[in-house]
Amino acid sequence: MQESKQPFGRIVLDYLILLGIACVMALNYQIFILSNAFAPSGLNGIATMLQYVFHFSVGYFSLIVNVPLAIACAIFVDKRFALRTLIFSLTFSLLLLMFQTRVDISRFIYHTDDGKSTLLAPVVSGAINGFIYGTTFRHGASTGGTDFIAAFVHKRHPAYSMSHVIFALNSAVALASYFIYDYNVEPVALCIIYSLITTTVSDRMLAGGKQAVKVEMITSHPDEVTEAVIRELHHSTTIMHVQGGYSHQGKTMLTCIINKHQITRMEEILRAFPDTFACVSMVSETMGNFKRIRR
């Protein structure tokens, strides 16, 4: 989808959100990650270890890696995705460099070497970055790095799963952190914890907003149930005529897709029709016209 096909207000809002969460990510790295002895997943994990050993800022590494990747992605894959990801990456890099050189936020930095919990840094930073990853994808962008590589691979080989490549990269980062951080097993465990939390939070965000509930109802009161669903839940039903396998009597099956939080209200509706049987299942994603009926 090209930018011109979206409303101007939506485009502006998307870019403002990307700028905002890029600032959050820069703060997250400066406060919870870079000052503690562990590396996050992906290319930024490599950048974190380079900063630890050579004092070469993650901000500079992000610029060096993501700018050429964004240009190549714009040429060969998708201009809109590349531009939005580039804007995010530039904002993250510049803000991180600013926090490291010009803006003093040392009072907020969480240090684990002064007796504080070593688990808190990867847990909190992983949860925050998981939220950031999910938000960027929802607004047509990403955080750069391995996401650019994934876009290239998917363009050339749509059936190929990037999960193996990402898993291999994250495993390499976790293994390398053992040698980088003074031959200590703890950074390896912290990297794994960070990766698991980040993936879990981002996956929940991406799936949670699209999931719904499908209710299939066998009833003798199709009109009454449908009217109650429309009136109470502002969704409608699909009506199908079916036949029982045992009694061979004709019945009506209603199929309705509702939001997850509406399942309790659906149960209340069905209690008014004791002879109605319902089967409930999760729908992983809804596409097309899934709107509330306005009465």
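No value in this document is a laboratory result; all are computed from the given coordinates. Computed from a predicted structure; not experimentally measured. Don't worry about glycine lacking a Cβ; one is built from the backbone with ideal geometry, like all the others, and counts go over all protein chains shown.
For the range 45-115, the relative contact order works out to 27 percent when only alpha carbon pairs closer than 8 Å and six or more residues apart are counted.
When the Cα convex hull of the range 212-283 is projected onto planes of every orientation, the mean area is 4.5 nm². Cβ crowding within 10 Å ranks Phe81, Phe167, Phe54 as Phe54, Phe167, Phe81, fewest other Cβ atoms first.
In the range 213-295, what chymotrypsin sites (Phe, Trp or Tyr not before Pro) fall in a loop by DSSP, with at most 12 other Cβ atoms inside 10 Å?
For chymotrypsin sites (Phe, Trp or Tyr not before Pro) across the range 213-295 that sit outside H, G, I, E and B with at most 12 neighbouring Cβ atoms in 10 Å, the list reads Tyr246.
Please compute the contact order of the range 5-75 in relative form: average sequence separation of alpha-carbon pairs under 8 Å and at least six residues apart, divided by the residue count, as a percent. Before the final figure, lay out the partial values.
Numbers: 22 pairs, mean separation 10.0, N = 71.
For the range 5-75, the relative contact order is 14 percent.
Of all aspartates and glutamates in the structure, those lying under 14 Å Cα to Cα from Lys214, and not within fewer than 8 positions of it along the same chain, are Glu267, Glu285. Residues Ile149, Ile33, arranged from fewest to most other Cβ atoms within 10 angstrom of their Cβ, appear as Ile149, Ile33. For Lys116, the aspartates and glutamates whose Cα comes closer than 17 Å to its Cα, not counting residues fewer than 8 places off in the same chain, are Glu186.
Taking the three principal axes of the alpha carbon atoms in the chain, the coordinate ranges are 77, 47, 39 Å, sorted in descending order.
For the chain, the membrane-span-like helices by this rule, meaning whole DSSP H stretches whose C-alpha atoms cover at least 24 Å of axis and whose Kyte-Doolittle mean is -0.5 or above, are 8-28, 58-76, 79-101, 120-138, 163-180, 186-208; this says nothing about an actual membrane. Over the chain, Cα pairs under 8 Å with separation of 6+ residues give a relative contact order of 19 percent. Put in order of Cβ neighbour count within 10 Å, fewest first, the listed residues Ser171, Ser202 become Ser171, Ser202.
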